[in-house]
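We did not get these values from a lab; they are worked out from the coordinates using the rules stated. Keep in mind it's a predicted model, so treat the numbers as computed, not measured. Cβ: placed from backbone, ideal geometry, glycine included. Neighbour counts: every protein chain shown.
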Amino acid sequence: MAIYVLLGPPGVGKGTLAEMLCAHFGFLHISTGDILREEVRRGSELGRRAQSFMDSGGLVPDETICAIMASRLQEDEVRRRGCLLDGFPRTLPQAEAFDRLVSQGAPAVERVVLLQAGDELLMQRLTARRVCGACRAVFNVLFTPPRQDGVCDKCGGALEQRGDDTEATARARLRVYGQQTEPLVRFYDQRGLVLRVDASQDKHEVRSQVCAALHLA
Ligand code: ADP
Ligand code: ZN
């Protein structure tokens, strides 16, 4: 089964697309952001080390991320179900580390899906995003508001704003994306792997374009 990398700036909809594709095709969704946030919630050693980087909108050190991913990518389930990587690789050193894992037997990247949208739309999506504290469902007070203010439609839990979705931190994340992650587009373009998708469109439109291009039925 194939490994797909989702690439694109914060707020562009990588997590949303991943959830839709995984629900339908049974892929594994590996989100480094979700893994790190879970470690922070649990108060683990890893979570404590990662938190300050995440709160400031910067990146967690490459060694930390690569160690997490080295063990995940070797799991049988990854090969059996196929997977969508959401948040890894995020820097050139991470992409190079990924190549080394592949040479040691991890499955290789089949395609890189690059989701694109303008900065102003991204800022709106990020600062208006709310997440259910109980079931992690995602809402957006501008675009997909819950029926009742501050309350999750699915489970009645309280909606929260992610600490890094405030205006200043969201801007910092967009800057970091441009500096550290965007160079990966060229890296994977040289291998002819990049599929570009206009992610300012409706999420169902994004999904159907991706499915058509990847020949997912
Ligand atoms: P975003 O919406 O910014 O893409 P994520 O949920 O993917 O958010 O990640 C949240 C934070 O977790 C990032 O701002 C960063 O600090 C950290 N993080 C996630 N993945 C990586 C990675 N591959 N390398 C370094 N830091 C990461
Ligand atoms: Zn909920």
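Subtracting the Cα-Cα distance from 0.36 nm times the residue separation, let me have the gained length for residue 92 to residue 75 in nm, one decimal. Extending this stretch completely gives an extra 3.8 nm.
Do any trypsin sites (Lys or Arg not before Pro) in the stretch 158-216 lie in a DSSP loop with no more than 13 other beta carbon atoms within 10 Å, and if so, which? List each step's numbers first, then the result.
Details: sites: 162, 171, 173, 175, 186, 191, 196, 203, 207; in loops: 162, 191.
Answer by residue number: 191.
For the chain, the dipole from Cβ point charges (+1 on Lys and Arg, -1 on Asp and Glu) about the Cα centre works out to 200 debye, to the nearest 20.
Using packing as a proxy for protection, rank 140-153, 30-43 so that the peptide with the highest average count of other Cβ atoms within 10 Å comes first. Could the numbers behind the result be given before it?
Numbers: 140-153: 13.6, 30-43: 16.7.
Packing proxy ranking, top to bottom: 30-43, 140-153.
Treating each Cα of the chain as one equal point scatterer and applying the Debye formula with no solvent, the log10 of I(q)/I(0) at q = 0.08, 0.10, 0.14 Å⁻¹ comes out as -0.27, -0.43, -0.90.
How much FRET efficiency would the formula 1/(1 + (r/R0)^6) give for residue 63 and residue 23, where r is the Cβ-Cβ distance and R0 is 35 Å, rounded to 0.05? Kindly include the intermediate steps, with their values, before the conclusion.
Details: r = 33 Å, r/R0 = 0.94.
Efficiency at R0 = 35 Å is approximately 0.60.
The distance linking the stretch 11-51 with the stretch 93-110 is 20 Å (Cα centroid to Cα centroid, whole angstrom).
Expressed to the nearest 5 percent, the antiparallel share of DSSP beta bridges inside the chain is 30 percent. Among the GluC sites (Glu not before Pro) in the stretch 64-119, those located in a DSSP loop and surrounded by at most 16 other Cβ atoms within 10 Å of their own Cβ are 75.
Let me check against my output: what whole-number percent is the relative contact order of the chain, with C-alpha pairs under 8 Å and at least 6 apart? The partial results should precede the final answer.
Details: 312 pairs, mean separation 64.1, N = 217.
Relative contact order of the chain: 30 percent.
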